[in-house]
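Asks: Dropping a structure here in structure tokens format, bear with me for questions.
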Amino acid sequence: MTNASTKPAKAPGGQSKFSKLGKDLLRDKWLYLLLLPGIVFFFIFKYIPMYDLRIAFMEYNAFDPAASEWVGFKQFTDLFTKPQFLNVFRNTIVISLSKMIVGFPFPIILALMMNEMRNLRYKKVAQTLLYLPYFISWVIMAGLIMTFLDPTTGVITQLIKAVTGQDMQVLTDKNAFVPMLVISDLYKGMGWGTIIYFAALSGVDPQLYEAASIDGAKRFKQLLHVTLPAITPTIVIMLIMNCNNILNAGFDQIFMLYSGSVYDVADIIDTYVYRLGIQKNSYSFTTAAGMFKSVISLVLILIVNFTAKKTGNDGLF
């Protein structure tokens with residue numbers, strides 16, 4: 001008797017899964033071809049480098065890799081006992097959470113407000129102006145920020161001085177530096193963040209608004225009881241994806257703007273890894289720091305995804 005477990009898996013139509021996959025690939029070959037560059041990119045730059053994560057458990061010798069010694073979890077022990085790393089980890093959490101708390105709801109509110117616009121020409125112009133900052137690199141954006149915040153000639157600092165009567169050194173002030181990071185990050189990304197919510201809003205059935213209007217619901221009531229529930233699954237998915245970036249406080253932005261005077265509040269895991277790994281050749285130690293960051297991010301996304309599914313929402317997977 002043939003063991004049932006050795007039989008090929010069958011698709012609902014009676015075909016094997018591999019046969020159905022082959023037909024799908026043949027039918028949509030051009031679509032899969034468009035997917036190929038992305039697959040190659042992730043394979044080369046994300047999966048192949050994972051092999052070298054092993055150096056986190058070694059005393060790596062970059063000049064003679066064969067002479068590298070296995071040290072187990074020594075790098076992680078050194079990592080967690082360094083007061084400097086604990087401060088860096090705290091800075092990363094503070095900056096990331098600040099950006100998420102301010103930056104996550106803002107695109108939703110902005111998309112809802114722009115969805116209520118009835119003048120299509122004005123709406124398109126506003127959308128274009130909001131999208132533009134996203135396409136400016138942080139190198140250029142940092143130059144603009146430093147110009148606007150120059151203590152003597154900066155437009156923003158002069159405006160602050162006119163209102164408060166105080167000279168502001170935003171880029172070297174520990175109290176002002178993190179708020180500046182949050183505001184500039186919000187300005188750069190808020191327009192682009194509305195695109196997904198606009199797509200979700202376009203899928204809301206207009207008949208729901210008509211039914212609500214017949215029942216006497218005004219615009220605000222329609223927003224609360226029709227629009228928001230319709231885009232809630234999208235909001236949950238975006239929240240899960242944002243939690244994956246909880247330890248990505250924005251290397252490009254901070255690296256271009258920070259200085260030694262604000263290290264205590266602005267030094268994050270990525271900049272810490274760069275200084276020790278690239279400038280001081282502590283490859284094993286910084287690989288351990290990067291692995292720790294990745295594991296925490298994975299745990300967070302699993303927890304948030306599990307919580308979302310338990311509360312009746314669609315998870316990421």
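Asks: State the extension gain, in nm to one decimal, for the chain segment bounded by residue 187 and residue 220, taking 0.36 nm per residue of separation less the distance between their alpha-carbons.
Replies: Result for the pair: 9.2 nm of gain on full extension.
Asks: Please name which of 197, 240, 80 has its Cα lying farthest along the dipole of the chain towards the positive end, using unit charges on Cβ (Lys, Arg +1; Asp, Glu -1) and the Cα centre as origin.
Replies: Among 197, 240, 80, the one farthest towards the positive end of the dipole of the chain is 197.
Asks: Explain nothing, just the number: dipole magnitude of the chain about its Cα centre with +1 on each Lys and Arg Cβ and -1 on each Asp and Glu Cβ, in debye rounded to the nearest 20.
Replies: 1120
Asks: By the gyration tensor of its Cα atoms, with a ≥ b ≥ c the square roots of the eigenvalues, what is the shape of the chain: rounded for a/c under 1.5, prolate for a/b over b/c, or oblate?
Replies: Since a/c reaches 1.5 but b/c is at least a/b, the shape of the chain is classed as oblate.
Asks: Can you list the HN-Hα couplings for region 79-91, worked out from phi with the Karplus curve (6.51, -1.76, 1.60; θ = phi - 60°), rounded to whole Hz and with x for Gly and Pro?
Replies: Here the 3J(HN,Hα) series is 4, 6, 9, 7, x, 5, 5, 4, 5, 5, 5, 4, 4 Hz.
Asks: For residue 314 paired with residue 54, estimate the spin-label separation in nm (one decimal), with each label point 7 Å from Cα along the Cα-to-Cβ line.
Replies: Taking the simple label geometry, residue 314 and residue 54 are separated by 4.1 nm.
Asks: Now for a separate question. Using just the helices of the chain, give the 222 nm mean residue ellipticity in deg cm²/dmol: DSSP H runs with n ≥ 4 each add -39,500 (n - 2.57), and the total is spread over all residues, rounded to 500.
Replies: When only DSSP H runs of four or more count, the value is -20000 deg cm²/dmol.
Asks: Below 20 Å, Cα to Cα, which aspartates and glutamates can residue 161 reach? Residues fewer than 8 away in the same chain don't count.
Replies: Filter leaves 150, 173.
Asks: Where is the GNM fluctuation largest for the chain (alpha-carbon springs, 10 angstrom cutoff): 239, 149, 36?
Replies: Ranking 239, 149, 36 by mean-square fluctuation puts 36 first.
Asks: At a threshold of 8 angstrom on Cα-Cα distance, excluding pairs fewer than six apart, so keeping six or more, what relative contact order does region 64-205 reach in percent?
Replies: About 31 percent, as a whole number.
Asks: Hey, what do the phi angles of region 101-111 turn into as Karplus ³J(HN,Hα) couplings, whole Hz, using 6.51/-1.76/1.60 and θ = phi - 60°, x for Gly and Pro?
Replies: Calculated HN-Hα couplings, in order: 4, 7, x, 6, x, 4, x, 5, 4, 5, 5 Hz.
Asks: Return the equivalent ellipsoid semi-axes of region 15-72 as a descending list in whole Å, where each equals the square root of 5 times an eigenvalue of the C-alpha gyration tensor.
Replies: In descending order the semi-axes read 42, 14, 7 Å.
Asks: Would you give the gap between the C-alpha center of region 156-215 and the C-alpha center of region 87-133, rounded to a whole Å?
Replies: Between the Cα centres of region 156-215 and region 87-133 lies a distance of 5 Å.
Asks: Also, I was wondering about something else. Please name which of 66, 182, 317 has its Cα lying farthest along the dipole of the chain towards the positive end, using unit charges on Cβ (Lys, Arg +1; Asp, Glu -1) and the Cα centre as origin.
Replies: 317
Asks: Just name one of 103, 39, 141: the one whose Cα is farthest towards the positive end of the charge dipole of the chain (beta-carbon charges, Lys/Arg +1, Asp/Glu -1).
Replies: The one lying farthest along the dipole's positive direction is 39.
Asks: Going by how many other Cβ atoms sit within 10 Å of their own, how do 195, 39, 268 line up, fewest first?
Replies: With the fewest neighbours first, 195, 39, 268 line up as 39, 195, 268.
Asks: If you build a Gaussian network model of the chain, linking Cα atoms that sit under 10 Å apart, which residue out of 38, 165, 216 swings the most?
Replies: Of the options given, 38 has the highest mean-square fluctuation.
Asks: Figure the gain on full extension for residue 41 and residue 297 (residue separation times 0.36 nm, minus the Cα-Cα span) and round it to one decimal in nm.
Replies: Additional length available on full extension: 90.0 nm.
Asks: Under a 10 Å cutoff between Cα atoms, tell me which one of 213, 261, 294 has the largest fluctuation in the Gaussian network model of the chain.
Replies: Comparing 213, 261, 294 in a Gaussian network model of the chain, the most mobile one is 213.
Asks: Once phi is turned into ³J(HN,Hα) by the Karplus curve 6.51 cos²θ - 1.76 cosθ + 1.60 with θ = phi - 60°, what whole-Hz value does each residue of region 42-47 show in order, with x for glycine and proline?
Replies: Result, ordered by residue: 5, 5, 6, 9, 10, 8 Hz.
Asks: Restricting to Cα pairs below 8 Å that are 6+ residues apart, what does the relative contact order work out to for region 46-98? Please round to a whole percent.
Replies: Worked out over region 46-98, it gives 23 percent.
Asks: Additional query: Starting from the Kirkwood Rh over alpha-carbon pairs, what translational D in µm² s⁻¹ does region 189-269 have by Stokes-Einstein at 20 °C and 1.002 mPa s?
Replies: Result for D is 135 µm²/s.
Asks: If I take R0 = 35 Å and measure r between the Cβ atoms of residue 278 and residue 156 in this structure, what FRET efficiency does the formula 1/(1 + (r/R0)^6) give, to the nearest 0.05?
Replies: 0.60
Asks: So what is the relative contact order for the chain, in percent, with contacts set as C-alpha pairs under 8 Å and at least six apart?
Replies: 24
Asks: Kirkwood Rh over alpha-carbon pairs of region 53-92, then Stokes-Einstein at 4 °C and 1.567 mPa s: what D in µm² s⁻¹, rounded to an integer?
Replies: 115
Asks: Quick one: length gained pulling residue 86 to residue 172 fully straight, 0.36 nm per residue minus the C-alpha distance?
Replies: Roughly 28.8 nm would be gained on extension.
Only the coordinates and a few stated rules stand behind these numbers; no lab work does. Since the model is a prediction, treat every value here as computed from it, not as a measurement. Here the Cβ is made from the backbone with ideal geometry for all residues, glycine too, and neighbour counts use every protein chain on show.
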